[in-house]
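Written out below as structure tokens is the structure these notes cover.
Every number here is computed from the coordinates shown, using simple stated rules; none is lab data. None of these values were measured; they are calculated from a predicted model. So basically every Cβ, Gly included, is an ideal-geometry build from the backbone, and we count neighbours across all protein chains shown.
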Amino acid sequence: MSTYRLDRSFEWNVRNGPAYDGTFPEVPETPLKDYFGIPAQSRIGVAASVLVNRRWTETYAQLGFDLLTYKTVRMRRRRCHNFPNWTFVHEGPNLLEETDTALVRPARRIGNPLDLTGAGSFGMPSRLPEFWQEDICKTRASLPANKVLIVSIVATPLPGMTADEMASEFGELAGMVSAAGAQVIEANLSCPNVRAGEGELYQDTQMVGRVAKAVRTGAGNKPVTLKLGHILKNEDLSAVLQAAEGLADGVVMINGVNRTVVNHDGSATFGPGRETCGIIGQGLRPVAIDAVDRAVRIVQRDGLSLKIIGTGGFAKPADAAAFFDAGAYAVFSASGAIFDPHLAIRVKQEHPEW
Ligand SMILES: Cc1cc2nc3c(=O)[nH]c(=O)nc-3n(C[C@H](O)[C@H](O)[C@H](O)COP(=O)(O)O)c2cc1C
């Protein structure tokens, strides 16, 4: 089962999804926890991905996910990259290392999507604020108790935009989503398939601090998290965490890693100009767990107050265990929640304590 139709465009999925047959199994009872002080039935969530509107968000809430990240919104309308946007790749070179080696899309589908490494090229599409402000408001009003609505935001760079203008757009967006009903504001500092600017902010320590400050101001007293990409060196990761400390409450690690993906004949899978894309799913998991593990150690070593939220390749209860063992505060799934919408139910059956 997949709630997102890979054979259809992103817009089709927004309009018609989720592809879910409508029977909702009973969600196991779990003791109450909190997410940054907000009551939550678990620390299991959906990462910014398919919760594109109220319908998608309500479905996942009903399926037992408690931390619901509304897909990244922008100040301006942005179309999704052309179809196709999502495929699978052969297990390639070790993603933990920087490499120029391309990953290869097999000629034919290679098995259960839950066991596969994915490649996504969406480009962080967004509708206009007029739509999402009202939709976030209605979504929040419709959610039952002990669910947390997180809204992901990103600034859109324009030619000539200064770093301060970019940071202040993040701040303005934080204020807007907060007013609309977001309980937690997640600033996306990483997107592996946008061409410039907003995709690489997490690599610029100064910008991390500036954006965190602006979002902190815009969010008022609501919790703030920053979504990061893969940072290879501990000293760089440490600098980013130091820059976020005292401004953000947590960091979400990690977004898909950026790699070239080609067809078996060597042509670009997503077409010219979109040679690189985000590697997600199974192959990302060891990279994400390693990132969480290193970040947790830095937080402990340096006495920081940031919480580390894990995401990447969480598709089975045992995957969540690996993140929690590494010290994650919460765990989010995108691909896993899409290909197994009963993932949160399975997790709660085995681990009500999460
Ligand atoms: C359909 C789709 C859309 C996504 N859109 C966003 C987005 O708007 N913002 C964001 O921060 N991450 C986005 N992501 C990345 C996910 O949040 C997540 O970091 C990534 O997919 C790795 O997790 P996974 O292995 O569980 O899929 C998207 C992923 C998918 C599959």
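Listed from fewest to most Cβ neighbours within 10 Å, the set L6, L247, L32 follows the order L32, L6, L247. Once a ≥ b ≥ c are taken as the square roots of the eigenvalues of the Cα gyration tensor of segment 216-280, is the result rounded (a/c under 1.5), prolate (a/b larger than b/c) or oblate (a/b not larger than b/c)? In terms of gyration-tensor shape, prolate.
Of all DSSP bridge pairs formed entirely within the chain, close to 35 percent run antiparallel. In this structure, the residue pairs whose Cα-Cα separation is over 19 Å, taken from K71/K307; K33/K307; K213/K307; K71/K227, are K71/K307.
Computed over neighbours whose Cβ is under 14 Å from that of V347, the net charge equals -1, Lys and Arg +1, Asp and Glu -1. Counting other Cβ atoms within 10 Å as a rough exposure proxy, the listed residues C191, C137, C277 run C137, C191, C277 from fewest neighbours to most. Please label the shape of the chain as rounded, prolate or oblate, based on the square roots a ≥ b ≥ c of the eigenvalues of the alpha-carbon gyration tensor (a/c under 1.5 means rounded; beyond that, a/b larger than b/c means prolate, else oblate). In terms of gyration-tensor shape, rounded. Among 296-305, 323-332, the peptide with the highest mean count of other Cβ atoms within 10 Å heads the list, and the full ranking is 323-332, 296-305. For segment 1-110, the list of GluC sites (Glu not before Pro) that fall in a loop by DSSP and count at most 13 other C-beta atoms within 10 angstrom reads E26, E29, E91, E97, E98. The helix-based estimate of mean residue ellipticity at 222 nm for the chain, built from -39,500 (n - 2.57) per DSSP H run of four or more residues and divided by its residue count, is -10000 deg cm²/dmol to the nearest 500.
The relative contact order of the chain comes to 20 percent, based on Cα pairs under 8 Å that sit 6 or more residues apart. Residues L173, L96, L68 in ascending order of nearby Cβ atoms (within 10 Å, fewest first): L96, L68, L173. Protection proxy ranking of 37-45, 77-85, by the mean of other Cβ atoms within 10 Å over each peptide's residues and highest first, is 37-45, 77-85. Note on R297 and N112: with the Förster distance fixed at 30 Å, the Cβ-Cβ geometry gives a FRET efficiency of about 0.35. Can you compute the label reach from E165? Point 7 Å from Cα along the Cβ direction, backbone N cut-off under 13 Å, restricted to segment 57-95. Residues passing the 13 Å test: none.
The charge dipole of segment 67-150, taken about its Cα centre with unit charges on the Cβ of Lys, Arg, Asp and Glu (plus for the first two, minus for the last two), comes to roughly 600 debye.
Largest GNM mean-square fluctuation among F170, F314, F24, using the chain with Cα springs under 10 Å: F24.
Across every direction, the projection of the convex hull enclosing the Cα atoms of segment 157-255 has a mean area of 6.0 nm². With K and R counted +1 and D and E -1, the other residues having a Cβ less than 13 Å from that of A248 yield a net charge of +3. Quick check: Cα centre of segment 90-143 to Cα centre of segment 260-316, how many Å? Using only Cα atoms to place each centre, the spacing works out to 11 Å.
Each Lys or Arg adds one and each Asp or Glu subtracts one; over the other residues with Cβ under 14 Å from the Cβ of S42, this totals 0. Here the Karplus curve 6.51 cos²θ - 1.76 cosθ + 1.60, taken at θ = phi - 60°, turns the phi angles of segment 139-147 into couplings of 4, 4, 5, 8, 6, x, 4, 6, 10 Hz, with x standing for Gly and Pro.
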